1. Residue pairs, Cβ under 8 Å, 6 or more apart or interchain, first in region 105-127 and on the phi > 0 side of the Ramachandran plot and buried (at least 21 other Cβ atoms within 10 Å of the Cβ), second polar (S, T, N, Q) and part of a loop (DSSP other than H, G, I, E, B). List them.
2. Tally up the residues in region 197-223 that are among the aliphatic types (A, V, I, L, M) and under 11 Å from A57 (Cα atoms), please.
3. Need a quick list: helices (runs of 4 or more DSSP H) entirely within region 204-309 having at least 2 residues that are under 30 Å from V168 (Cβ atoms) and at pLDDT below 90.
4. What number of residues within region 244-266 are acidic (D, E), in contact with a helix residue (DSSP H, G or I) (Cβ under 9 Å, 6 or more places away or on another chain) and farther than 14 Å from E59 by Cα?
5. Residue check: is E59 of a type in the set (D, E), over 16 Å from I166 (Cβ atoms) and buried (at least 21 other Cβ atoms within 10 Å of the Cβ)?
6. Would you mind telling me which numbered condition in (1) crowded, with 19+ Cβ neighbours inside 10 Å; (2) out of contact with any strand residue (DSSP E or B) (no Cβ under 6 Å at 6 or more places or on another chain); (3) at pLDDT 95 or above; (4) of a type outside the set (D, E, K, R) G65 fails?
7. Among (1) modelled with pLDDT of 90 or more; (2) touching a helix residue (DSSP H, G or I) at 6+ places or on another chain (Cβ under 8 Å), there is one condition P75 misses while meeting the rest; what is its number?
Amino acid sequence: MPYLDDPESRWSLGGFGAGAEFGHAPGEPVTKLGAFARASPRGAIRLDGTGDCVPVAYETGFRDGWSHAVALCRPVATGLVRGADGVTALGSDAGAVCPQDRETLLFDLGIGLPQGWVAVRTRESDQVAALSAACGASAFAQGSPVAALLLERAVDVVVVTPLGRIEVFAGRDTSCPGGPRAFVVPAVLRLGRTHAATAPIPPGLVPCAHLHPPHPCRDARGRPIPFDTARHAAFQALLMRWGDPDGFVLKRRLLAGETLPRDADRRARAVARVATVQGLAVRAGPEARRKVGAASSRDGPKSRHDTTS
């Protein structure tokens with residue numbers, strides 16, 4: 001799969017309030033462990049395809065930029081696979097991407113992610129003892145070791161959904177560009193949502209993974225770049241194939257100069273926002289494009305208030 005090997009692309013798994021992202025920096029060694037599995041010195045990913053996976057491509061417009069993504073969804077009946085309630089010892093991680101990690105102990109944090117679960121993994125005896133003592137209680141209860149372990153990046157973080165897993169290895173500097181990274185935000189998780197309201201996921205579907213292809217206005221580190229017509233055309237092809245067909249046609253009409261009707265609904269207004277900033281990026285000069293690139297960001301399972309690992 002070309003996107004797995006592209007350092008300008010990112011993958012994310014999880015939901016609203018908790019998730020993980022995988023990517024690699026240019027030149028960083030990446031080991032192929034199967035058709036849909038990769039490992040770097042900082043993390044690993046394995047995607048598990050299913051016959052009922054439904055891709056949904058979409059764009060989200062902001063005041064001065066936009067994001068784009070392909071949400072990989074499953075029907076509610078097979079997409080909601082919530083994990084344990086409270087910290088739970090799962091034994092050895094037999095499903096680990098890398099063979100050397102399959103004897104390492106795994107603990108489900110039991111945080112209530114609707115479409116999967118978040119776990120930590122360790123072979124350190126003191127951490128195993130602390131996590132074992134926390135079993136049965138909330139991961140973020142007073143006295144729980146979980147928050148400190150996550151903040152200190154002392155343990156591997158494993159995020160699992162019906163479409164695969166991402167592992168963020170312990171001790172790695174997640175501020176270094178290119179991912180991997182993980183986040184858990186308890187206050188957001190308590191809302192019980194599967195995705196952000198700005199993501200136009202059709203009713204009856206649950207997003208379990210996201211592909212973030214290269215953006216035409218910024219690089220993988222989030223830095224503005226000159227508008228890349230090839231990147232833009234590549235995502236428009238994905239949008240035409242897997243996006244909302246009515247929205248795609250509306251955006252083309254708006255870019256051609258038509259005016260949005262005054263009684264346009266919320267969906268149409270969202271399309272208009274994207275058309276406005278994309279039109280600016282295509283037609284404007286370097287300074288305006290730089291501003292669009294700086295404002296554009298990835299969509300998917302993220303939060304402004306990340307507890308990272």
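1. Close Cβ pairs (under 8 Å, with a partner that is polar (S, T, N, Q) and part of a loop (DSSP other than H, G, I, E, B)) amount to G110/S138.
2. 3
3. So the answer is 286-295.
4. 1
5. In short, yes.
6. Here G65 meets the rest and fails (3).
7. Of the numbered conditions (1) modelled with pLDDT of 90 or more; (2) touching a helix residue (DSSP H, G or I) at 6+ places or on another chain (Cβ under 8 Å), the odd one out for P75 is (2).
The values are calculated or read from the model by the stated rules, or taken from the named source; none is laboratory data. Everything quoted here is computed from the prediction, not taken from an experiment. Reconstructed Cβ throughout: ideal geometry from the backbone, glycine too, with neighbour counts over all protein chains shown.
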